[in-house]
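Novice: What follows is a single structure, and I will ask about it in a moment.
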Amino acid sequence: MFQRPKFPGLRRELRAVLITLCLVAAITAILYLLILTTGLEHGSAAYLVPVLIAAMRWGMVSAVVAAVCGVLASAFFFYPPLYSFRISDPQEVLNLILFVVVAIAVSQLATQLRRQLELARRREIDLRDLYDFSRRLAGAFDVAEIHAAIEEHLAAVLQRDVILYAGGRGAGQRKNAPVPQAVFDEVKKCAAGRWRAGTDGVITTDENETWLVRAVSPKNAEFGVVAINLGFASPASIEEFKIRTEAVLADAAATLERLDVANAIGEARMRAQAEQLREALIESVSHELRTPLASILGAATVLSEAPALQSEVKLRALVQDVRDEAERLNNDIQNLLDATRISSEGVKPRAEWTEPADIIHSALDRCRVRLADRRVRLDIPPNLPLIHVDPVLVRQALVQIIDNAAKYSHTGSCIVISARAGNGHLTMNVSDEGAGLTEDEQARMWDRFERGERHAALTGGSGLGLWIANAFIAANGGVIRAASAGADCGTTMTIELPVTQATVAQSEGDDDE
């Protein structure tokens, strides 16, 4: 916390008077040189310059000092008898008196103009702060962001360290030093509507710092309680600041109510709770389903290979259906887990050097059931460079794309999987002869839960596959693109991943040998 001087106003005033005296001395020196070189008798009007400067910069006190010192300097240096404050000509005395009157009047006008300029500047700053505050509130998603916006807005308006306590925590504790325990106790009492007798929210710590505790709005507890550090303030300045704080908080509360921030806080809190409940439910259900599903898959696999069923065509087909549906359900559960992971934690890849061919063959092995009645053609050169990616994420993304190619293409159609390296990138293409994509479908295909009407009519699905694949590839620094000539014209999905130049150069050197 910063420390404030005990008498900042007095020090500023003394500094202003000192600078004013220096200005008067400079004008006097210039006039004296002009009189010596040009024969000018005197130029008392020149002393209006420091009067105007002092009035515009520092206010009435400095302007009056400039006027009085200007009159004294004129009497001493320029009116006979010279080097004496006595003036022999009554006309000159009248001129000097008129000069003082004019100087004071001009300084009064200049001071009023200065105050109007300061007020206009203050209003401009307040409007800008209010605009920034409203814009930040509009972009806030959760309760913590809303409370942080309120805290920073109050700190900007009050020009003091402000810590907002709302929902049982202090928003400012993340960036400021912890407040004294006495202040925190007063905050809790204020939040509960219980004030300590005789303090009225004013706390003086053991370090003689003064804190002011106030509820942002006495009508709405959602806005919280603020603790304002006044530093080493005098009793008079504390009372003055209390009045100003009440006015600022009243304006802030009115603004918050006008912007319906209380409703926004409630909605944000409900969104956060609903999101946490949704993610916990999906994760719990998914993991609970995994155990019996693994048993079903294992049992179906054993039954499908049992010699007793080889001659039973209907039973073998039934077991195969059980196995296929179990694998489909397993893929759907994996998609739910991946979607939850992306939404809650974000994707954090564990990169390692990997052979692209290994990723492709592993993905094909995962999709072998879906590809059983499709013709698969591979075009993978033996000299592909290593890529530094998370192989699990890239494989899962490739599985989603190959699975889509199989789902939306006809039995017996050909699926071509190819890979090439060049220009610092590794490109993997999956081309099918299936349903294809229209322009509208290409624009919306990467959205979560998005399924076109044509594709939904062909087969089931959750609409999460391509969204997950796009997130996994993006986490590895790559991109996915889709190309199609139109409906029923097939689709080519392209995965592009970065390859270090050193690896590419090494790979090209190995080819030359």
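Novice: What is the calculated FRET efficiency for Glu355 to Arg420, with r their C-beta to C-beta distance and R₀ = 22 Å, to the nearest 0.05?
Specialist: 0.90
Novice: Can you sort Thr28, Thr354 from fewest to most other Cβ atoms within 10 Å of each residue's own Cβ?
Specialist: Thr354, Thr28
Novice: Additional query: For a quick check: with amide H placed at 1.01 Å from N, whose amide H comes under 5 Å from Leu230's, ignoring anything fewer than 5 positions away on the same chain?
Specialist: It is Thr210, Trp211, Leu212, by chain and number.
Novice: Which shape class applies to the range 403-486: rounded if a/c is under 1.5, otherwise prolate when a/b exceeds b/c and oblate if not, where a ≥ b ≥ c are the square roots of the Cα gyration tensor eigenvalues?
Specialist: oblate
Novice: What number comes out for the charge environment of Pro391, summing +1 per Lys or Arg and -1 per Asp or Glu over other residues with Cβ under 11 Å away?
Specialist: In short, -2.
Novice: Let me ask you something else. Hey, fewest Cβ within 10 Å first, where do Val202, Val394 land in order?
Specialist: The fewest-first ordering by Cβ neighbours comes to Val202, Val394.
Novice: Next up: Would you mind computing, in nm to one decimal, how far apart the modelled labels at Phe232 and Ala443 are, each placed 7 Å from Cα along Cα→Cβ?
Specialist: 6.6
Novice: Sticking with this one: Please work out how much length the chain gains when fully extended from Glu207 to Val347, using 0.36 nm per residue of separation minus the C-alpha to C-alpha distance, in nm with one decimal.
Specialist: So the extension gain works out to 45.6 nm.
Novice: I've got another one for you. When the Karplus curve 6.51 cos²θ - 1.76 cosθ + 1.60 is applied with θ = phi - 60°, which whole-Hz ³J(HN,Hα) does each residue of the range 415-430 get, with x for Gly and Pro?
Specialist: Listing the rounded values in order: 10, 9, 10, 10, 8, 9, 10, x, 6, x, 9, 9, 10, 10, 10, 10 Hz.
The numbers here are math on the coordinates, done by the rules we state, and not lab data. Note that the structure is a prediction, hence the values are computed from the model and not measured. Note that each Cβ is placed from the backbone with ideal geometry, even for glycine, and that neighbours are counted across all protein chains shown.
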